[in-house]
Amino acid sequence: MRMRRCVVTAVTLSLLLFLSSLWLPQGTVQSCEESWRPCLNVFTPNREVVRAAVTDAADDDALGGNDIIRECAGQQFQVSRLLLHLSSALGPASDVLLEPYLLCWEELIKFMESLGPLVGFFTHKVEEKITLIRQLSLEESTIFMTEDAQRVAPPPHHSHAYHSVRSMLEAELQRGVVSFDSQTPSGSRTLLRLHRSLLWLQLLLEKLVTEPEGRSMGELCRDAYLEVLAPHHPWLVQRAAELVFHAMPDRKVFLQLVCVRTQEEAEPVIHVIVAAIQEIHRRTQRELEIRNMLDLP
């Protein structure tokens with residue numbers, strides 16, 4: 001009987017690895033690998049007050065640039081670093097710069113992996129998507145370098161296609177590498193998966209503020225998942241996600257991650273993070289929507 005239970009568990013975890021489509025972030029947190037407990041077990045009082053940078057004064061209020069964010073010593077995930085990447089991703093004319101956007105995801109993955117190693121079963125899918133967009137960007141750079149070396153001078157307004165969300169979507173659409181009928185390894189399709197997951201994280205953070213403290217982290221994750229990501233996932237992936245939700249730690253672990261002691265202290269910090277994510281999501285949503293890319297297969 002015990003052997004059968006072990007086999008079922010092993011098969012289930014294998015399904016987690018194989019079937020998990022994008023919905024959780026990434027990162028490498030070495031200290032998490034040896035224990036099923038969350039990475040942060042003890043609150044550290046050694047805090048440094050830092051101010052989140054913003055790239056445009058017009059976005060200062062939207063991103064909470066005037067709010068104070070505490071930086072926790074001795075942990076991988078830092079709210080201040082996440083906000084710095086989010087604000088750096090705000091490009092001109094309501095565009096989103098791609099590299100800072102990917103750096104946001106790398107920081108968000110550190111946050112998710114700090115919730116326990118089981119969540120890490122999903123992070124490799126995000127890593128694959130980040131790697132794909134960067135690989136496409138590298139290939140584009142190589143082509144540009146080769147072409148420029150053959151010219152006396154580069155053409156005016158010569159722009160890298162993977163510089164921003166807008167330039168990538170437009171370039172891939174014009175080149176015909178985006179399919180509206182079948183799955184293709186395009187940056188546009190990959191971005192759409194990241195975009196959906198960003199909304200899932202936004203809703204989770206909002207629920208941490210609005211839902212009663214008696215509700216567990218797993219319950220909040222499940223509610224946000226059912227609202228945003230479950231409609232895009234097959235039945236087996238949804239069942240695998242349920243296992244992860246059951247393994248989520250207590251909500252107090254989240255307080256440790258944002259370097260506060262109480263729910264009341266956490267609320268202004270969460271509001272700043274949510275406002276920053278909302279702005280990035282709003283801009284990306286618009287670029288995808290005007291090109292009818294919100295339902296790419």
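Annotations for the structure displayed:
- Per-residue HN-Hα couplings for region 215-232 [Karplus 6.51, -1.76, 1.60; θ = phi - 60°; Hz; x = Gly/Pro]: 7, 6, 4, x, 5, 5, 4, 5, 4, 5, 5, 4, 6, 10, 9, 3, x, 9
- Extension gain, A93 to K252: 0.36 nm times the residue separation minus the Cα-Cα distance gives 53.3 nm.
- Between L294 and H160, the contour length at 0.36 nm per residue exceeds the Cα-Cα span by 45.9 nm.
- Database remark: amide H of L90 closer than 5 angstrom to the amide H of L97 (H placed geometrically; neighbours at sequence offset of 5 or more, or on other chains; Pro and chain starts carry no H).
- For C72, residues with placed amide H under 5 Å, excluding near neighbours: V79
- Packing-based order for 250-261, 233-244, using average beta carbon neighbours within 10 Å, highest first: 250-261, 233-244
- Per residue, the convex hull volume that the Cα atoms of region 179-264 enclose (Å³): 116 Å³
- A simple rule links phi to the HN-Hα coupling: the Karplus curve 6.51 cos²θ - 1.76 cosθ + 1.60 with θ = phi - 60°, which for region 77-86 gives 6, 10, 4, 4, 5, 4, 5, 4, 5, 4 Hz, with x for Gly and Pro.
- Distance between modelled label sites at V209 and H232, nm, 7 Å Cα→Cβ extension: 2.3 nm
Each reported figure results from applying straightforward, stated rules to the coordinates on display, with no laboratory input. Since this is a predicted model, take the numbers as computed values, not measurements. Here the Cβ is made from the backbone with ideal geometry for all residues, glycine too, and neighbour counts use every protein chain on show.
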